[in-house]
Amino acid sequence: MSVIWIMVANASHAKLFSNEGPKKGLQLVKELIHPESREKAAELVSDRVGNFAGSGSYAQPTDPKEHEAERFALEIAHELEHARVNNAYEKLILVASSHFLGLLNGRLTQQVRGKISESINKDYTQLPVKELSGHLENYVFL
């Protein structure tokens, strides 16, 4: 039996589902929430004077919301790598908005990327499981 994991995510919320075979549906494995990604940019910035990059020039400024999205992508990547090492899934389907999908792909190990059977450029994090299943039926036999 081939276990398929489906990671449905955006920059602040991720749901990890499992499908253990045809007509078995989706089971929620884990939900990850990153509230910092929802904060207003002004609330994420400190009052410190600008950082210097070694040679006395200013470091390239990083958008605080982008930084938080990158941190969350890394958290998800660690979760998927840990599960891969523990043989929790054979295949992986990633479902995320275009920008976040790019951030996530950039942080996945080569071994996890090798398990990806589909990448879907949609934000389905707010959908109920039944509606999500309908959107995924072309990719996995639920």
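Every number here is computed from the coordinates shown, using simple stated rules; none is lab data. Keep in mind that this is a model prediction, so the values were computed, not measured. Note that each Cβ is placed from the backbone with ideal geometry, even for glycine, and that neighbours are counted across all protein chains shown.
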Amide H neighbours of Ile116 under 5 Å, counting only residues 5+ apart in sequence or on other chains, H built in-plane at 1.01 Å? Leu92
How high is the FRET efficiency from Ser2 to Glu66, r the C-beta distance, R0 30 Å, rounded to 0.05? 0.25
I'd like the FRET efficiency for Phe141 and His78, computed as 1/(1 + (r/R0)^6) with the beta carbon distance as r and R0 of 25 Å, rounded to 0.05. 0.30
Quick check on region 92-142: take the gyration tensor over C-alpha atoms, sort the square-rooted eigenvalues as a ≥ b ≥ c, and tell me if it's rounded (a/c under 1.5), prolate or oblate. oblate
Taking θ as phi - 60°, what are the ³J(HN,Hα) couplings along region 20-27 by the Karplus curve (6.51, -1.76, 1.60), each to the nearest whole Hz, with x for Gly and Pro? 9, x, x, 6, 9, x, 10, 10
